[in-house]
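**Q** Got a structure for you, questions after.
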Amino acid sequence: MSSKIECVLKQALTTFSGSYTSKAFHDNLIKLKRNANELDAYSVGLDFRLLRWDAYELNNSLDKLSGSTFIHHQAPVTYIGVFEDQHVSIGVFVLRNGAKIPLHDHPYMYGVLKVIYGKVKLQSYTPKQNDYSKLNDNNISAIKLAPIIVGETDDPCVLCPIEGNIHQVDTIDGPAAFVDILAPPYKTDIPKVGKRICRYFKEVNISKDTKLTITSHPIDYWSDTSPYTGPPFTICFESKT
Ligand SMILES: [Fe+2]
């Protein structure tokens, strides 16, 4: 029998390896959401120590750290890569107490986010321009969606190539972790446009309009990485492309 994470991976590949506009795609996306809803911290082998320690601290004894003159700045976020190919990337973000993932976009991508530990506040925006090239303007008009608080017992959240595509994730009342399924992955190119780059934004309000302006990478946000230690999986999948 397949593990929960293997079921998610197989369904993600089924969903995102073909056309995004067919009826089958939307049916498959619903199935993926249902499968992702089964995930919890145990199904990805989450090392709960990462909720307090970053990867460096996990790999070095605290005694060694405290006796050293080396000043270690704890990474606020750890990323655990589970799987990535040209169709989909799956990973786990672990956010320590007070951490946030600043406002960022997922250009022309789908995303399924399932909280597996703690709670997060999700603030999403829908850019009013559909044309990717216009998103390079200094000020982007956007619709600010109502913030939502999402926990382990809540359904996965879905972001679309335009709708809710720009978001910020904040921890609420302690550390949190979520599984993030993204398609196509950031590492792929946008056809006829070029690199699919994750950009950071800040909200500026001009009169009554909500505008987002592109900013440099926030200095208080960075992540380290830790290896996946969950159930092993084998993928025997024939791409439809
Ligand atoms: Fe995101």
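**Q** Find out how many positive minus negative residues lie around Lys33, taking Lys and Arg as positive, Asp and Glu as negative, among other residues whose Cβ is under 9 Å from that of Lys33.
**A** With Lys, Arg at +1 and Asp, Glu at -1, the neighbours total +2.
**Q** Also, quick follow-up: Excluding Thr171 itself, what net charge comes from residues whose Cβ is under 13 Å from its Cβ, given Lys and Arg +1 and Asp and Glu -1?
**A** Here the charged neighbours net out to +3.
**Q** Just add up the charged neighbours of Val92: K/R +1, D/E -1, any other residue whose Cβ is under 12 Å from the Cβ of Val92.
**A** Working: positive: Lys114; negative: Asp40, Asp47, Asp180.
With Lys, Arg at +1 and Asp, Glu at -1, the neighbours total -2.
**Q** According to the square roots a ≥ b ≥ c of the eigenvalues of the Cα gyration tensor, what is the shape class of the chain, taking rounded for a/c under 1.5, prolate for a/b larger than b/c otherwise, and oblate for the remainder?
**A** Oblate is the answer for the chain, as a/c is 1.5 or above yet b/c matches or exceeds a/b.
**Q** Could you list Tyr221, Tyr125 so that the one with the fewest beta carbons within 10 Å of its beta carbon is first and the one with the most is last? Provide the component values of the computation, followed by the final result.
**A** Working: Tyr221 15, Tyr125 23.
Taking fewest neighbouring Cβ atoms as first place, the list is Tyr221, Tyr125.
**Q** Volume per residue, Å³, of the convex hull around the alpha-carbon atoms of segment 87-161?
**A** 114
**Q** With the chain treated as a Gaussian network of Cα nodes joined by springs under 10 Å, which of Gly194, Gly18, Gly164 yields the largest mean-square fluctuation?
**A** Gly194
**Q** Kindly provide the helix-only [θ] at 222 nm of the chain, computed as the sum of -39,500 (n - 2.57) over DSSP H runs of four or more divided by all residues, to the nearest 500 deg cm²/dmol?
**A** When only DSSP H runs of four or more count, the value is -4500 deg cm²/dmol.
**Q** Could you line up Phe25, Phe48, Phe16, Phe70 from fewest to most neighbouring Cβ atoms inside 10 Å?
**A** If I rank by nearby Cβ atoms, fewest first, I get Phe70, Phe48, Phe25, Phe16.
Where a number appears in this text, it was derived from the coordinates with a stated rule and is not lab data. The structure presented is a predicted model; accordingly, all values stated were derived computationally and were not measured. Cβ atoms come from the backbone with ideal geometry, glycine included; neighbour counts cover every protein chain shown.
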